[in-house]
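Take a look at the structure set out below.
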Amino acid sequence: MLLQIRLQSQFGTKTFPMFRVAITMFCFVISLSVNAQQLPLFTQYRDNQGVLNPASVSSNYFLNEENISIGASYRKQWATLKNSPTTQVLRGEWVMSNNRSFNLLTGGYIMNDQTGPTGFTGLYGRFGAILSEDPEQNGFAVGISLGVVQYRVNVSGLRFHDAGDIEGMTDQQKIYPDAGLGAFYYTQLNSGNGNNDMFYSGISIPQLFGLNLQFKDVNGQFSTKRIQHFYGNAGWIHYLSDESYLEPSVWAKYAPNAPFNADINLKYQMNNVFWLGTGISLGKMFHAETGVVLGEDLDMGGRIKIGYGFDYSFNTFGPFAGTSHEFNLSYSFGNK
C-alpha cells in the first residue's frame, strides 16, 4: 500500500491542511511518498532569470549597460496555510564583454526552500557564453549551471501513530549533485515603431537530473521524487520615451504528468523611477507587483531596485490558499 501526500505543486495544486492527520496513518503503510514543491515559483521572475535559466542575460545589461548584478529575494507562498512554502535566494551575474564573438557569462546563486517538513538548500555556479560581436545590442547565449543540493525531511517534526517510532525521531538528509541547461536570445529592434525596442526569449531545464531520493530504516521507507521541469520565457520591451517602457512577458512551465502552466504579465516602468505590473496565470493566480529604482539621483554608480510582488489564488476547488508575498532587492552597475 502506498500513501501519497501532496503538499504543493509547481503548477497550482494547493496545500491541504489534513497533512498531520494523514501522517498518523503511517503505521498502515510500508512506504511513504511525499510530493513537495521541487522548484519555487516567482512573481518577479524577470529578476530571477539567472535562477530559472543559466543562459539568461539580465535586462540591466542590454538596457543600461550594467554588466554586474547582485540581488536577493524572499517569497512566502500561500501565507494563510500552515507549513506553506518559503523561499530565499541570493544571486549574482557578471557579463565579461570584450566586443568579440565570444563573451563570458558567469555568476551563481544560493537557494533555500522549505515546504512543511521537506526542504532543500542548493549552491550553484553559472557558466556560459554570449555569441555576439556587439553583446549590448544582441546576442545568443548558452549556459550551464552546476551545483550541489541538500535535500532534507524533518521527520522529527511529524506526529506518528506509534509514540517513540524510530523513524519519527530521526531527521533525514541527503546531498546530490545537480545541473541545469539553457539557451537565451535577445536583440534590439531597429526598424518601424519598434525602434530601439528589445526582444528576448529563452528555454531551459533548470534541473537535469531526475532522482528518486529514498530514505530508509528498519520501519520502512519514504521517498521524494525529483523530475525535470521545462521552462520557456519571452518578453518585449517597448519604449514609450527614453526611460519609460512597457514590457509584456510570458513564463511557460511544463513537467511530466502535470498540467501545462504559464504566467502572462505586463509591466510599466516610468523614467527609471518606479514600476507597476500585473498579470495572470493559467493556474488561476492573479499577479501584481510594484517597485522603485534608486541610484541616478544619488550618484551611486549603479541602480538599486526594491520590488514587491503579490499573488492571489482564485481557484474554486479545495481549501482557500490565500495570498503570496514576494520581496526583491537588487543592485546593478557597470564595471567593464
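The values are calculated or read from the model by the stated rules, or taken from the named source; none is laboratory data. Predicted model, so just to flag it, every value in this text is computed and none were measured. Heads up, the Cβs are rebuilt from the backbone with ideal geometry, glycines too, and the neighbour counts pull from every protein chain shown. Just so you know, the surface numbers come from the protein's heavy atoms only, side chains and all, with ligands and any DNA or RNA stripped out. Shrake-Rupley method; radii C 1.70, N 1.55, O 1.52, S 1.80 Å.
Provide the solvent-accessible area of residue 238, counting protein heavy atoms only and rolling a 1.4 Å probe, rounded to the nearest 10 Å².
My reading of the accessible area for residue 238 is about 50 Å².
Within 12 Å, Cβ to Cβ, of residue 309, how many net charges do the neighbouring residues add up to if Lys/Arg are +1 and Asp/Glu are -1? Let's see the in-between values first.
Details: positive: 46, 75, 76, 267; negative: 47, 263, 289, 311, 326.
Once positives and negatives cancel, what remains is -1.
If I ignore ligands, DNA and RNA and count only protein heavy atoms, how much of residue 225 is accessible to a 1.4 Å probe, in Å² to the nearest 10?
Approximately 110 Å² of residue 225 is accessible to the 1.4 Å probe.
HN-Hα J couplings of segment 279-288 from phi, Karplus 6.51/-1.76/1.60, θ = phi - 60°, integer Hz, Gly and Pro as x?
Ordered by residue, 3J(HN,Hα) equals x, 8, 10, 5, x, 6, 10, 9, 10, 8 Hz.
How compact is segment 72-158 by the rule of thumb for globular proteins, expressed as Cα Rg over 2.2 N^0.38 Å? Spell out each step's value before the answer.
On the way: Rg = 18.0 Å, N = 87, 2.2 N^0.38 = 12.0 Å.
Here the answer is 1.50, to two decimals.
Quick one: which of 82/267; 76/305; 225/267; 82/305; 284/305; 225/305 span more than 25 angstrom between C-alpha atoms?
Going by Cα-Cα distance, 82/267; 225/267; 82/305; 284/305; 225/305 fall outside the 25 Å limit.
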